Amino acid sequence: MKKEPPKGSFFFADINTKSTPISCAICAFLMLHFTHINQAIIIMENSTSKLDRIAQWCMVLQIGLLPIFFIPITWITTVQAKSSLIAVILVIATLAWTIARFKEGSVKVPSSLVLAAGLLMPLVYALSVMVSGVGQLSLVGTGVEQDTLAFVFILYAALVLSALIFSGAPRAGIQAIRSLFVGGFLLLVLEIVHFAFPGLNLGGVLAGQTGNAFGNWNEFAILLGLFVVLGIALRNTEAARGMWRYLFDAVSLISVFFLIIANFFDVWTAVGIAGLVAILVQHLASRAQQGNLAPQLGTKRIWIALVVLALFSMLFGAFITNVLPARIRVANIEARPSLQGTIAIGQQSLTEPSSLFFGAGPNTFSREWGLYKPASINQSDYWNTNFTSGVGTIPTSFVTTGIFGIIAWILFALTLILAAVRALLRHSKGEQGNTLASSFGIASAFLFSFYLLYVPGPALSTIAFLSIGLLVAFSADAGFTGTNNVSLRANGWKSMAAIAGLVFFGAATVLACIGISRVLIAEMILNRGVVAYNETQDTEAASRFVSTSLRVFPSNARANRVGVQLGLAQLQQLIAKADPKDEAARAQLQDVLKQTIQYGLDAVAINGTDYQNWLELAGLYQQLAGVKVEGALENARAAYERARTENPLSPLPLLQLAQLELIAENTDKALQNLAAAVELKPDLAAAYYMASQIYASKEDFENAIPAATRAAEFGRTDPLGWYNLGAIAYAGADYTTAAAAEEQALALNPQYANAMYTLGLSYYELKRPADALKVFEALDQLSPDQKVVKDILANLKAGKAPLSASAPASSK
C-alpha cells in the first residue's frame, strides 16, 4: 500500500530508492532540508501577519485618535498635535506594511482609478517645486499647511495604506469604523463638558466659546456632518451590530444637536444632498428587489427627517440661532478670500508659461496675495491679514500648482465620484453587496465637496483621504473592482517596477513624515520660548529656545524673526543696566547685537519673498539708526523698500519709513511717505496721527488739526487719538474742538489724566471756570500727589488763570 506523503513535507514519487546507507542518508538529508524550509516559511508567514496586524492597528488608531487627540500644553497647538500624530503613526504603518510585503513577496493592489489619479497630485507638486524653486516653504512649510509637497504625499500615503491594508481585511475595516465613532463620541462628550464648564481650558485647547479638541468651529461642523451621514448609513451594517448601534446613534444625535448650534449653511447643504442621494438609492434598491428584502443603506424615515431638518436650517438658520439660549449661541467668524478674489490672484500671478502650467509654487499663496491682492481689501478689516490660502483647497492649488495642479485635482475628483457612483449603483440594483462601500461612497463625496470652497485642516483632510481609502477597500471586498496581485519575486520588468515603486513609496512616505515632524518639533520649541518670555520676561531663557529651535530646523524664518525681537529686548535691558566702562558688559552687548543682526539677515536669506522678514530686519536697523549706528539708516531704508516690493499694496512699510525719516529729521520725506500710505489705505488712523504730530511740531495748525481730526474719526475707539486732537486743537487756540475731543477721550477712558488736564484748560479758555475747577478737582483725586494740579486749583480758586508763573504748561 502506497503511503501518502506527510502533510507539510516534500515527496518525490518518481525517485526509486533502495534501503542502502547512501540512499537513506540522501533521503534523510532531503527531508531534513525541506523541513527547515517549511519551518522558515511558517516563521516568515507568522512574522508577516504580525507586521500586517501592526499596520492595521496603526491605521485603526489613526482614524480613531484624529478626532480627539490633543496635547494640553499651551505651547503646542491642536493642529500641531494632530499633525504630529499623523506623521508618527503613518511612519510606523508604512514601515510595517512595506516590510511585510517584501517578506510575503507580493503586493495586492485594488484595481481602482482613484489610486492612480491620486498619484498625480504629489507628482504635480514635485514638478511645481522643481520649476518654482521656492525651497523649504514649498517642501514642508511650518508643518501644518496642506499645500506643501510633504503633506500632499502624506495624504496620498494615507489613501494608499487605507485602501491596501483594509482590502482583504474586512474585520480591520470594521474596527476602523468603530474606532472613528469612539473617537467622535469622546470628542462630543468633551465638548458637552466644555459647554457645561466654560472655564475648562486644557492648555488653551478649549479656549473661547468655539474651542474644541478637533480644530476650528467650521471644521468641527464638517466632522459633525460626517458623523451624521455615516452614522445613519451604517446603522444596518455589521459595524453597527449589537451595542455598537447605540454608540452610532448617540454620536449621530449629538452631532445633529451641535450642527444646529454651529449653523453652517454649507454643511447643512452637503448633509441635505447626502440625505437625498441615500433616499434615492434606497428607493431604487427597493424597486429592484420587487418586494424582496433590499440591502438597507440606513433607515429611509431617518434620511427623510434629516433632509427636512437640513432644509429648515438652511432657510431659517438665523432664526434658530436667535432663539437659542445665549450660553450655547455661538458666533464664528472665519475670513478667507472669495472665489472671485482667488481666481483674480491666479490670473495675475500665472502670466508666464512656466507659472501658468506649474503655478507659483506650493504653499506660496500668501506671497501671491501680497503681490496681487485687490486694492479694495485695504478698506476692510482684513487689510493687514496675510491669507495663506484662497477660498478653498482646489482653487488655491490652481494658484500654486497651475494648470497641471488643477487637472490633477479634477481627475482625482472624477475618479472618486466614479467609484462612489459605482458603489451606489450596485446598491440601487438591489445587489447584496457591501453596504459599507455605499456608505463610504456618500461619506467620501461629502467630505471631498468641501475642498471646493473651504480649506480643511490636516486632521480633517487625513480623515477624508482615509475615508476614500476605505471606499476603495470595501469596493474591492464587495467585488465592485478587481485586485491585482503583483509578485515581487518573479523575473521580469513588472516585478522590478513593483519593487522600485514599493521602495520609493516607503522611502518617500517616511521622508515626508520625518520632514514634517522636524518642522513641528522646531515650531513647538519656538512656541515654548515665546510662552516663557511672555510669562517671565526672561530674554536669555527665551533666546535659548530660539537657538534650540534653529538647531532642529535651521530654515525656520519665524524663529529668526522671534530672535530679532528678543535680541532687541535683550539689548534694551543690557543698555539700561550696563556700565559703559565695563569691558565685559560692552563685549556682551556687541555679541547680542551681532547675533540679532544675524537673525534678521538669516530670515531674509531663508525667504526673501516674505515681506514680514524684511520688515523685521528694517525695524532692527531702524532701532540702530536711532542710536546713530553707522550705516543703519541706509540699511533700514533698503529693507523697507524691499518690503514694499514684496507687498506693494500694504501701507505698513510706508508708515514705518516715515518713522525712519523722522529719526533722520527729514520731516518732508516723512510726510510724503505718510501721504503715499493713505493713498493705499485712506482710513489709516496711524498715518494721520503721525502727520498731525509733524505739522504740530512745525506749528502748522491749519494742517495739523484736520489730520488729527481724521486720526480720531478713523480710530473712534482709541482715546489716544481723541486726546491728540484735543491737545493739538488747544495748542492751535481752537478751544471748542479741544474740549469736545477731550470729552470723547474721557468717555472712552474716564481715568485719562492728560485728557483731564487739557479739558480743564480748554474749559477755562471757553469762559467756563466752574467746569474747569470740577475737572481739576477730579484730576487731583485721581493723582493726589501732583503739585502742578494743586497749584492750578489754588489759582482757579483765587480767580486767577490756571497757568500762572507757579504752574508749568503741561502735566504728565
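The values are calculated or read from the model by the stated rules, or taken from the named source; none is laboratory data. Since the structure is predicted, the reported quantities are computational estimates derived from the model, not experimental observations. Heads up, the Cβs are rebuilt from the backbone with ideal geometry, glycines too, and the neighbour counts pull from every protein chain shown. Keep in mind that these areas ignore ligands, DNA and RNA; they rest on the heavy atoms of the full protein, side chains included. Shrake-Rupley method; radii C 1.70, N 1.55, O 1.52, S 1.80 Å.
Report in % the part of the accessible area of segment 519-594 that belongs to carbon and sulfur, leaving out ligands and nucleic acids; probe 1.4 Å. The partial results should precede the final answer.
On the way: 2160 of 4110 Å².
Here it works out to 53 percent.
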Enter the angle in degrees (range 0 to 90, nearest 10) between the Cα long axis of helix 393-428 and the first principal axis of the Cα atoms of the chain, meaning the one along which they spread out most.
40
Measure of size requested: the Rg and Dmax of segment 646-724, with Cα atoms as the atom set and Å as the unit; please supply both.
11.9, 37
Rounded to the nearest Å, the spacing of the alpha-carbon centers of segment 728-780 and segment 70-148 is 64
In a shell of Cβ-Cβ distance under 12 Å around Tyr730, excluding Tyr730 itself, what net charge do Lys and Arg (+1) and Asp and Glu (-1) give?
-3
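On alpha-carbon atoms, Rg over Rh for segment 527-630 using Kirkwood Rh?
0.97
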Kindly state, as a whole number, the per residue volume in cubic angstrom of the convex hull around the alpha carbon atoms of the chain.
240
Keeping all protein chains in place and using 1.4 angstrom, which order do Met59, Met314 fall into by accessible surface area, from largest down?
Met314, Met59
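What length, rounded to one decimal in nm, is gained on full extension from Thr536 through to Leu356, with 0.36 nm per residue of separation minus their alpha-carbon distance?
Details: separation 180, 0.36 × 180 = 64.80 nm, distance 4.98 nm.
Gain in length upon complete extension: 59.8 nm.
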Equivalent ellipsoid semi-axes - Cα gyration tensor, segment 319-446, angstrom:
35, 27, 9
Please tell me the relative contact order of segment 138-290 in percent, rounded to the nearest whole number, where contacts are Cα pairs under 8 Å and at least six residues apart.
19
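Would you kindly calculate the mean projected area, averaged across all directions, of the convex hull enclosing the Cα atoms of segment 606-753, in square nanometres? Working shown, then result.
Working: hull surface 38.7 nm².
Result: a mean projected hull area of 9.7 nm².
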For the chain, the dipole about the Cα centre with charges only on Cβ (Lys and Arg +1, Asp and Glu -1), to the nearest 20 debye, works out at 3480
Kindly express, to the nearest 10 degrees and within the range 0 to 90, the angle between helix 265-289's C-alpha long axis and the longest C-alpha principal axis of the chain.
20
How would Glu352, Glu334, Glu646 line up by accessible area, probe 1.4 Å, largest first?
Glu352, Glu334, Glu646
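Need one word for segment 290-394: rounded, prolate or oblate. Basis is the Cα gyration tensor (sqrt eigenvalues a ≥ b ≥ c); a/c below 1.5 gives rounded, then a/b vs b/c decides.
Working: a/c = 3.93, a/b = 1.65, b/c = 2.38.
The shape class here is oblate.
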Spin-label model distance (nm) - Asn484 vs Ala798, 7 Å beyond Cα toward Cβ:
10.3
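Using a 1.4 Å probe on the protein chains only, how many percent of the accessible area of segment 194-240 belongs to carbon and sulfur? If you can, show how the numbers build up before the last one.
Working: 690 of 1220 Å².
Percent of accessible area from carbon and sulfur atoms in segment 194-240: 57.
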Return the whole-Å distance between the Cα centroid of segment 509-543 and the Cα centroid of segment 314-378.
29
Result for the chain: accessible area per residue, probe 1.4 angstrom, in square angstrom, of 46
Using bins 10 angstrom wide from zero, how does P(r) for segment 43-191 break down, in % of all Cα pairs?
11, 32, 35, 19, 3
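Determine the relative contact order of segment 701-780: mean sequence separation of Cα pairs under 8 Å and six or more apart, normalised by residue count, in whole percent.
Working: 108 pairs, mean separation 18.3, N = 80.
Averaging sequence separation for qualifying contacts and normalising by length gives 23 percent for segment 701-780.
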From largest accessible area down, sort Met243, Met121; use a 1.4 Å probe on the protein chains.
Met243, Met121
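Using Cα-Cα distances under 8 Å and only pairs 6 or more residues apart, what relative contact order does the chain have, in percent? Each step should come with its number before you reach the end.
Working: 1241 pairs, mean separation 101.1, N = 812.
Worked out over the chain, it gives 12 percent.
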Given the protein chains as shown and a 1.4 Å probe, how many square angstrom of Trp57 are accessible, to the nearest 10?
130
Taking the Cα centre of the chain as the origin and placing charges on Cβ (Lys, Arg +1; Asp, Glu -1), which of Leu115, Ser547, Asn378 is farthest toward the positive end of the dipole?
Leu115
Longest principal axis of the chain (C-alpha) makes with the long axis of helix 719-731 (C-alpha) an angle, in degrees to the nearest 10, of 20
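Quick one: what do you get for segment 435-491 if you divide its Cα Rg by 2.2 N^0.38 Å?
Working: Rg = 14.8 Å, N = 57, 2.2 N^0.38 = 10.2 Å.
It is 1.44.
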At a 1.4 Å probe, what is the % contribution of carbon and sulfur to the accessible area of segment 359-399?
55
To the nearest Å, what is the center-to-center distance of segment 216-234 and segment 646-676, using C-alpha atoms only?
50
